[in-house]
Amino acid sequence: MDFTEQPKNSLVNLNQKTQEMQIKKTYFYEMPSGRIEPVEAVEAWELHKKGFKQIGVSDGSKYVLALKESRQIFQLQGIEMAQERLRKGFEEELEIAKGHYETPPRNDIFGNGKAELNQMIGKFK
């Protein structure tokens, strides 16, 4: 161990994972606490089954744009400004989603023929 009185530099970095930078449909649900949570399709189906209130659905493009911009802001202005851009991106995504309702895809069905069965069930709703 190195015990010195000199503080070490912090190595803070933004997430660079490509799977998190892909545009995905986002469902917004209101939790019992009143907080609005963004979720993806699998979680949205579970919340839908339990009867949680859906606020809306968006395509996720505004938040992905905010993620990309926050990378540049982080390098130029620091982490606080990058976090603020992400918060603003969440608010922009929520505004787009409000009023656009969509039933999430059923995730209770597994195996071969899942897509065909979901389509068939969708015709009888």
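The values are calculated or read from the model by the stated rules, or taken from the named source; none is laboratory data. The shown structure was predicted, so the numbers you read here are calculated from the model rather than taken from an experiment. Here the Cβ is made from the backbone with ideal geometry for all residues, glycine too, and neighbour counts use every protein chain on show.
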* Asked: Before we move on, is residue 73 modelled with pLDDT of 90 or more, outside any loop (DSSP other than H, G, I, E, B) and β-branched (Val, Ile, Thr)?
  -> yes
* Residue ID - nearest to the chain's Cα centre (by Cα), chosen from residues in the stretch 101-116 that are of a type in the set (D, E, K, R), at pLDDT below 85 and part of a loop (DSSP other than H, G, I, E, B) -> 106
* Which residues, counting only those in the stretch 48-99, are touching a strand residue (DSSP E or B) at 6+ places or on another chain (Cβ under 7 Å) and exposed (fewer than 15 other Cβ atoms within 10 Å of the Cβ)? -> 53, 98, 99
* To do: Pull up the stretch 2-44, narrow it to residues that are modelled with pLDDT under 90 and of a type in the set (Val, Ile, Thr), then point me to the one that is nearest to residue 94 (Cα to Cα).
  => 23
* To do: Out of 65, 47, report the one residue that is modelled with pLDDT of 90 or more, within 24 Å of residue 100 (Cβ to Cβ), within 13 Å of the chain's Cα centre (by Cα) and not polar (S, T, N, Q).
  => 65
